[in-house]
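Peer 1: Handing you a structure now.
The values are calculated or read from the model by the stated rules, or taken from the named source; none is laboratory data. For clarity, every value in this text was computed on a predicted model and none was experimentally measured. Cβ sites come from the backbone with ideal geometry, for glycine too, and all protein chains shown count toward neighbours. Surface accessibility is based on the protein's heavy atoms, side chains included, excluding ligands, DNA and RNA. Shrake-Rupley method; radii C 1.70, N 1.55, O 1.52, S 1.80 Å.
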Amino acid sequence: MEVFLIVCGVLLAVSAVAVSIPKLRLKGTAWTGLQARGLSGQQVRLIGVAELAGGIGVLVGLYWTPLGVIATVALLILLLCAIAFHARHGDYGNPDTRAVAMPAVYLTVLAVLASIGFVFAG
């Protein structure tokens, strides 16, 4: 189970950090898409900070399990909100915006798997 947790945790952490960078820099399709939907730069950066903190928390959580559980659950909540946001705007049904919306789904699955790993590792 430790290998499962490490693999899922590292993948989740790296992915969360990777998706946070464009939001923190206000560059790329994530920024333009969110801006077009009415989010301000400050709101998008706040999402980026939450993703970055969650990714770092998951990595640290591989050494200190309570933080890993908290970070993974927090990322899971953030990702579920992202899925709801994209669904409300019809991104999953639109071929032009589907590619931008799908990472939230993939990361949610990864966060669920990492949560399971943390529960059984703790």
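Peer 1: Would you mind computing, in nm to one decimal, how far apart the modelled labels at PHE4 and VAL112 are, each placed 7 Å from Cα along Cα→Cβ?
Peer 2: About 1.4 nm separates the two model spin labels.
Peer 1: When the accessible area of the chain is computed with all protein chains present and a 1.4 Å probe, what percentage of it is carbon and sulfur?
Peer 2: Working: 4920 of 6820 Å².
It is 72 percent, rounded to a whole number.
Peer 1: Still on this model: Apply the Karplus parameterisation 6.51 cos²θ - 1.76 cosθ + 1.60, with θ equal to phi minus 60°, to every residue of region 89-94 and state each ³J(HN,Hα) to the nearest whole Hz, in sequence, with x for glycine and proline.
Peer 2: Values, residue by residue: 8, x, 5, 6, x, 9 Hz.
Peer 1: Could you pull the accessible area for LEU26 with a 1.4 Å probe, rounded to 10 Å²?
Peer 2: Solvent-accessible area, nearest 10 Å²: 40 Å².
Peer 1: Once R0 is set to 25 Å, what does the formula 1/(1 + (r/R0)^6) return for the Cβ-Cβ distance between TYR63 and PHE85, expressed as a FRET efficiency to the nearest 0.05?
Peer 2: Values: r = 32 Å, r/R0 = 1.29.
So, using R0 = 25 Å, E works out to roughly 0.20.
Peer 1: Subtract the Cα-Cα distance of LEU11 and ARG25 from 0.36 nm times their separation in residues, and report this length gain in nm to one decimal. Provide the component values of the computation, followed by the final result.
Peer 2: Numbers: separation 14, 0.36 × 14 = 5.04 nm, distance 2.19 nm.
2.8 nm is the gain from fully extending LEU11 to ARG25.
Peer 1: Tell me which DSSP H helices of the chain clear both cut-offs, 24 Å or more of axial length from alpha-carbon atoms and a mean Kyte-Doolittle hydropathy of at least 0.0. Don't skip to the answer; put the middle values down first.
Peer 2: Working: long enough: 2-25 (34 Å, 1.86); 41-61 (29 Å, 1.11); 65-88 (34 Å, 2.00); 98-121 (34 Å, 1.91).
Qualifying helices: 2-25, 41-61, 65-88, 98-121.
Peer 1: Given the DSSP H assignment, sum -39500 (n - 2.57) over each helix run of at least 4 residues in the chain and divide by its residue total; what's the result at 222 nm in deg cm²/dmol, nearest 500?
Peer 2: Counting only the DSSP helices, I get -29000 deg cm²/dmol.
Peer 1: Let me ask you something else. Ignoring everything but the protein chains, give the 1.4 Å probe accessible area of ARG45 in square angstrom, nearest 10.
Peer 2: 110
Peer 1: Report the full-extension gain for the segment ILE56 to ALA18: residue separation times 0.36 nm, less the Cα-Cα distance, to one decimal in nm. Could you put the intermediate results ahead of the total?
Peer 2: Details: separation 38, 0.36 × 38 = 13.68 nm, distance 1.13 nm.
Working it through step by step, the gained length comes to 12.5 nm.
Peer 1: Given a 1.4 angstrom probe, what's the average accessible area per residue across the chain, in square angstrom? Can you show the working numbers first?
Peer 2: Details: 6820 Å² over 122 residues.
Counting only protein heavy atoms, the per-residue value for the chain is 56 Å².
Peer 1: Note the listed values [x] 20; [y] 50; [z] 26, then indicate which one is percent of Cα pairs over 24 Å apart calculated from this particular structure.
Peer 2: Computing percent of Cα pairs over 24 Å apart and matching it to [x] 20; [y] 50; [z] 26 gives [z].
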